[in-house]
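Each remark here refers to the structure printed beneath this line.
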Amino acid sequence: MGGHLTTDRRWYALLILLAALAFGCIVVAAENVSGEQPLTGAPGVVARGDPVTISGIATGNPDAVYVWVFGQNYRLLSEPVDVGSDGIYRYTLERSETADLSPGRYFAIVQHPMGNGKQDVRVVSDSTISVPGGTTVDLAGLPADEAATALVDALNSPYSDDTYVMVSFMIEDPWIQIGGIRSTGG
């Protein structure tokens, strides 16, 4: 009888795991956007077709923060995200969006407008950003990591008081591995 109970628990654990995978959501952003040193988080792994939530707390009462995401076949440029009265912001890439993402590393950057309340680095055309001090950078032809670096370099400009948090995550094709289950013969 003990063997059946162990097998039943394994199946139950497998069902719980499958339910968590089917309905789960991964938070990839760091907890706080403030005037302090930028934070980075360990990369998460997300299956294509699963939602990705970028959330955190923005200090200083901004109306919005701006989310940027760079990947092999995906660019989200300066998406304004409302900040609640408690400082919490949340942006979700829905299942329908991540289903079309290519496997690989993605970079998410959350930009905080800081003291002047203005977004100092902003999009001025389809793929071109305006950098404080009068220059522009076209992100269109850059690989994801170089586009993220170009944005971070612009945010670090001495003419910008904006700050940011950058994290990365991996998109992988979904898979499930099930190990063998031994029969107790009884």
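Results, tabulated for the structure shown:
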read-out: Where Rh is the Kirkwood radius over Cα pairs, Rg/Rh for region 103-180; value: 1.16
read-out: Percentage, to the nearest whole number, of Cα pairs in region 25-172 over 21 Å apart; value: 39
read-out: Kirkwood Rh, angstrom, region 123-165 [1 / mean 1/r, Cα pairs]; value: 10.6
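No lab work stands behind these numbers, since they all come straight from the coordinates. Computed from a predicted model, the values in this text were never measured in an experiment.
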